[in-house]
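Visitor: Just passing along the structure, written as structure tokens.
Just so it is clear, none of the values below were taken in a lab; they were calculated from the coordinates. Note that the structure is predicted; figures quoted are calculated from it, not measured. Reconstructed Cβ throughout: ideal geometry from the backbone, glycine too, with neighbour counts over all protein chains shown.
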Amino acid sequence: MMKALVKEAPEAGFTLLAKPIPQLPVDGVRIRVLATSICGTDLHIYNWDAWAASKVTTPLTVGHEFCGEVIEVGEKVTRFEAGDYVAAESHIFCDQCRPCRAGQRHICENEKIIGVQRDGAFAEQIVMPERCIWRTPADLPPEIATLQEPLGNSVHATLAGEVSRRHVMVTGCGPTGLFAVAIAKTCGAASVMAVDVQQYRLNLATELGADQVLNPLECDVVAEIQTATEGRGADVVLEMSGNEK
């Protein structure tokens, strides 16, 4: 048996339970979880809002951002062995549908997200398909290694278009937005302008390389950006707040 944090019923809250250790398929990798991180998705599921009710079937072990140590591999696994330090894709793709065959596994037609549509990583162990595992540098601390999944989302979004030599505006400086600030700056943006209503987050954006930080409760963001870009405005806008307003 192992400990796991479970959404036990369609209501607010999680429950710490003892659950059977998951079975290992021939293409599976058994991982001892070393660290996890909390995503906004986990908060939706914890609070059991309309989104969670439409996506999650209980009972379910939650959590999808993690890193860990391989402790056992299935007989068809060739790229990993016990002792490897790894992180994982949260999206389990089939590798058989048309998008997967075209290299667009992130829009797999049969996708299952761990901690949402199948048991996740807020547990002592998790079993993942070999195709969804990534080897992690040994000198990367677990509390940082667990953030590779959300970092990957920000990399994908930020680099969907050209940012080099462009003026980039990032709205929303939560973890995903802050990652985007650092990525855009690293990839040669002419300037990075970060927008948020919390000074704490704007301070973090500055630490990560933002050239200008703007609080819409305190200034006219459009006017400030027009001034900073000689009237041209932002070339690239990354909306990372999720705020419908």
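Visitor: Multiply the residue separation of Q96 and I21 by 0.36 nm, subtract the distance between their alpha-carbon atoms, and state the gained length in nm to one decimal.
Guide: Contour length minus the Cα-Cα distance gives 24.2 nm.
Visitor: Ok, one more. In the chain, if the dipole is taken from +1 on Lys/Arg beta carbons and -1 on Asp/Glu beta carbons about the Cα centre, which of G161, N215, C173 is farthest to the positive end?
Guide: G161
Visitor: Could you give the size of the charge dipole of segment 153-239 about its Cα centre, using +1 on the Cβ of each K and R and -1 on the Cβ of each D and E, expressed in debye and rounded to the nearest 20?
Guide: Result for segment 153-239 is approximately 260 debye, rounded to the nearest 20.
Visitor: Say the dipole of segment 1-129 comes from +1 at the beta carbon of Lys and Arg and -1 at that of Asp and Glu; which of A50, G83, I71 then lies farthest toward its positive end?
Guide: A50
Visitor: V237's amide H: which non-local residues (gap 5+, or another chain) put their own amide H closer than 5 Å, with H modeled 1.01 Å from N in plane and none for Pro or chain starts?
Guide: The answer is M169.
Visitor: Here is a further query. When you have a sec, figure out the Kirkwood radius of segment 2-146 from all distinct Cα pair distances and drop it here in Å to one decimal?
Guide: Answer for segment 2-146: a Kirkwood hydrodynamic radius of 15.6 Å.
Visitor: Obtain the radius of gyration and the Kirkwood radius of the chain from its C-alpha atoms and give Rg over Rh.
Guide: 1.02
Visitor: Using only Cα atoms and rounding to the nearest 10 degrees, what angle (0 to 90) does helix 148-158 make with the longest principal axis of the chain?
Guide: In the chain, helix 148-158 runs at an angle near 40 degrees to the longest axis.
Visitor: Just to be sure I understand the curve: with the Debye formula and one point per C-alpha of segment 153-239, what is log10 I(q)/I(0) at q = 0.10, 0.11, 0.12 Å⁻¹?
Guide: After summing over all Cα pairs, the log10 values are -0.19, -0.24, -0.28.
Visitor: Related question: Among all lysine pairs in the chain that are eight or more places apart or on different chains, how many have alpha carbons less than 21 angstrom apart?
Guide: So the count of such lysine pairs works out to 6.
Visitor: I would also like to ask the following. Which loop GluC sites (Glu not before Pro) in segment 195-227, with loop taken from DSSP, have no more than 16 other Cβ atoms within 10 angstrom of their Cβ?
Guide: Hits after loop and neighbour filter: E218.
Visitor: With a Förster radius of 22 Å, plug the Cβ-Cβ distance of R32 and E207 into 1/(1 + (r/R0)^6) and report the FRET value to the nearest 0.05.
Guide: Approximately 0.10, to the nearest 0.05.
Visitor: For segment 83-192, which trypsin sites (Lys or Arg not before Pro) are both in a DSSP coil and crowded by at most 16 other Cβ atoms within 10 Å?
Guide: Sparse-neighbourhood loop trypsin sites (Lys or Arg not before Pro): R165.
Visitor: Please give the contour-minus-distance gain from L140 to E75: 0.36 nm per residue of separation, less the Cα-Cα distance, rounded to one decimal in nm.
Guide: 20.6 nm
Visitor: Modelled label-to-label distance, I113 and E8, 7 Å Cα→beta-carbon offset: nm?
Guide: Simple spin-label model gives 2.5 nm for this pair.
Visitor: While we're looking at this one, here's another question. For E244 and T227, compute 0.36 nm times the residue count separating them, minus their Cα-Cα distance, and round to one decimal in nm.
Guide: Here the answer is 3.5 nm.
Visitor: Out of residues 5 or more away from I71 or on other chains, whose amide H comes under 5 Å of its own, with H placed 1.01 Å from N in the peptide plane?
Guide: Amide H to amide H, under 5 Å and 5 or more residues apart or across chains, I71 pairs with R30, I31, R32, G83.
Visitor: Here is a follow-up. Going by alpha carbons, how many degrees (0 to 90, nearest 10) lie between the helix axis of 175-186 and the longest principal axis of the chain?
Guide: Orientation of helix 175-186: about 60 degrees from the principal axis.
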